[in-house]
Amino acid sequence: MEASSPISVQQTLEDSQPEPSPKPSPFKKGFVTSLMEAATLRTPSFKEDTYFASHLKSSEKKALQELKERLVASNGPDSMWGIPLLGGDERADVILLKFLRARDFRVPDSLQMLLKCLSWRKDFEADNILEEDLGFKELEGVVAYMHGYDKEGHPLCYNAYGMFKDKDMYERIFGDDEKLKKFLRWRVQVLERGIKLLHFKPGGINSIIQVTDLKDMPKRELRVASNHILSLFQDNYPEMVARKIFINVPWYFSVLYSMFSPFLTQRTKSKFVISKEGNVAETLYKFIRPEDVPVQYGGLSRPSDLQNGPPKPASEFTVKGGEKVNIQIEGIEAGATITWDIVVGGWDLEYNAEFVPNAEGSYTIAVEKPRKIATTEEAMHNSFTPKEAGKMVLSVDNSASRKRKVAAYRYIVRKSTAI
């Protein structure tokens, strides 16, 4: 940061610099621990596919042309997501390449997949699904929902099925075949909202990011629904997900992933990010700006924010173990109102806010008294209007911990309109 940074750091551990946690000797490391470490992807290696014809291999160009010719000969439906598949539209090439990549550029298999998808979309009436009210208001913004974009501009789809651990809720949504079919239709509707945000253009944004929260997910009860969803998406939405981020991952999921990982292609593995419980904010901040991360996952974005246009950018900072960080916001005039948001991933530290007047002899005002913030608490949002000029100081005290934590804040100052 520049010298004018509003952030100051105080080391409060007795040793000044916190020592790293002792590393266990190799022979003492448990089997499960080793598997979990192997399953955690800390450095993304994913490289998104290109849709520029000039970047394709000669064999891929040939396969694309052959697929077009076979599609013409099949006399099948000629449009998908409102895009004509034939006639030279470059957006059609993006769609056709997705089906080709899903079948490793085997043209007959790709054509069969494409025709089946076109037939399914017609029978399922997928083109009209966005206009339907399926009556799942209680699930909106909780179970599956589109929310913001990642740092590269991909739409974000969040999934969290923890609420279905409640048996009454489970029965109400999945109690019989008709209810399950209705839920699957709603889940497709959510995905179609995300598809509508894609560019289908070479060099554009042509895929979404899936964030799946595994906390409290009743895996046994949801097995049937999960299999249906997986099958629908794999068969009819090929290559639509650029990256899959799993958060709040229990240890057994990490173990299973590490066991199956050797059988996955490097391309498939590069799309997966596994984040165990306690590392949610740290993981999401690698891919998503804090102002776009939902508050329940250590970000600053609330559902109501999306109704007010693009979110105000936030500043990220790190709170190391043993540190107390003070954020000083100066230049606040008398009568002006300062509004701020601040969050620390997995809080478990002390936070307070105070206003320090410029005038000598004036008293510091405790706007928010020091208190311990629980790990489950969401971002702080507050405002204050001082009667005299001064500065606001936001403090987070991590001196009781040795764990490094990611954090973010933002603020806006509105001057008084009084004459």
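Just a few scattered comments:
- Portion, in percent, of the accessible area of the range 289-419 that falls on carbon or sulfur, probe 1.4 Å: 47 percent
- Relative contact order (%) - criterion: Cα under 8 Å, at least six apart; region: the chain: 17 percent
- Against the chain, whose longest principal axis comes from its Cα atoms, helix 223-236 is set at around 70 degrees.
- Sites excluded, GluC sites (Glu not before Pro) in DSSP loops with at most 11 other C-beta within 10 Å, longest stretch of the chain: 133-359
- What the range 266-337 shows is 43 Å² of accessible area per residue, with the surface traced by a 1.4 Å probe over protein heavy atoms.
- The stretch between GLU140 and GLU125 holds 3.3 nm of extra length on full extension. This uses 0.36 nm per residue minus the Cα-Cα distance.
- Pairs from LYS57/LYS122; LYS62/LYS271; LYS116/LYS151; LYS98/LYS151; LYS196/LYS286 whose Cα-Cα separation, in the structure shown, is over 30 Å: LYS57/LYS122; LYS116/LYS151
- DSSP-defined beta bridges in the chain - what % are antiparallel, rounded to 5: 75 percent
- Using only Cα coordinates, the Kirkwood hydrodynamic radius of the range 242-364 works out to 18.0 Å.
- Comparing SER270, SER54, SER79 in a Gaussian network model of the chain (Cα springs below 10 Å), the most mobile by mean-square fluctuation is SER54.
- ASP89/ASP133 FRET efficiency (R0 45 Å; Cβ-Cβ; nearest 0.05): 0.90
- Under 5 Å, built H, 5+ apart or other chain: amide partners of VAL241: ILE208
- TYR161 accessible area, 1.4 Å probe, all protein chains in place, Å² to nearest 10: 30 Å²
- Candidates LYS391, LYS215, LYS167: whichever shows maximal mean-square fluctuation once the chain is modelled as a Gaussian network with Cα springs under 10 Å: LYS167
- Angle in degrees between helix 251-260 and the longest Cα principal axis of the chain, rounded to the nearest 10: 40 degrees
- Efficiency of FRET from Cβ geometry, ARG172 and VAL356, R₀ 51 Å, rounded to 0.05: 0.45
- Folded to 0 to 90 degrees: helix 107-124 orientation relative to the chain principal axis, Cα: 70 degrees
- Whole-Å distance, taken between Cα centres, linking the range 201-234 and the range 117-159: 11 Å
- Between LYS312 and ARG404, the FRET efficiency estimated from the beta carbon spacing at R0 = 41 angstrom works out to 0.95.
- Per residue solvent-accessible surface (Å²) - the range 344-419, probe of 1.4 Å: 59 Å²
- Largest accessible area first, the listed residues ASP292, ASP166 line up as ASP166, ASP292 when surface is computed with a 1.4 Å probe on the assembled protein chains.
- Mean-square fluctuations from a GNM of the chain, with a 10 angstrom spring cutoff on Cα atoms, peak among LYS57, LYS286, LYS179 at LYS57.
- Accessible surface of the range 75-156, 1.4 Å probe, proportion on carbon and sulfur as whole %: 44 percent
- Charges were assigned to the Cβ only: +1 to each Lys and Arg, -1 to each Asp and Glu. The resulting dipole of the chain about its Cα centre is roughly 1220 debye.
- Taking max minus min of the alpha-carbon positions on each principal axis, the chain gives extents of 87, 69, 52 Å, largest first.
The values are calculated or read from the model by the stated rules, or taken from the named source; none is laboratory data. As the structure is a computational prediction, the values presented were derived from the model and not from experiment. Positions of Cβ are backbone-derived with ideal geometry, glycine not excepted, and every protein chain shown enters the neighbour counts. Heads up: the accessible areas ignore ligands, DNA and RNA and are worked out on the full protein's heavy atoms, side chains in. Shrake-Rupley method; radii C 1.70, N 1.55, O 1.52, S 1.80 Å.
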